[in-house]
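Just so it is clear, none of the values below were taken in a lab; they were calculated from the coordinates. Every value quoted in this text rests on a predicted model; they were computed, and no experiment measured them. Methodologically, a virtual Cβ is constructed for each residue, glycine included, from the backbone with ideal geometry; neighbour enumeration extends over all protein chains shown.
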């Protein structure tokens, strides 16, 4: 079941005016449990499962619409998922800041598509949350939409990612570039 979403379009006014239909955007690898499922919120059969074990699958993947307003939606989805994974409050705040910075950079400075992936890596007793954002590569010179952005308002994203992650980097992939950061959680 795909989540029904819409984001306001810049310059639109009034209810639903100019809204981008994100019905097709869905969180891949995660489906909300059925209401009678033992892992559904409020169920008596065991509650929400903890984080998946390191190396378990490809993690959770969130396609990101290529509009600035999508960053807040992605942040809320990540918050819900990482809360279910029982990340501590301090680590949750740090992870959300890194996710927001990396997704914002991809939406502002790169070509679509943008995809966020969250997964556990590491070994028992030394778990790491891997945050990956894949984008379509850099926007060609002269086509950047951020050329008139105030420099005082931007430019700290990489410093934040560096300060909060154990390590980070990027690597080319067939979709474009994957930017990653490893956040220690245990």
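List of remarks:
- Extension gain, residue 121 to residue 83: 0.36 nm times the residue separation minus the Cα-Cα distance gives 11.9 nm.
- Label-point separation in nm, residue 139 to residue 76, each point 7 Å along Cα→Cβ: 2.5
- Each peptide in 60-67, 167-174 gets a packing score, the mean of other Cβ atoms within 10 Å over its residues, and the list from highest to lowest is 60-67, 167-174.
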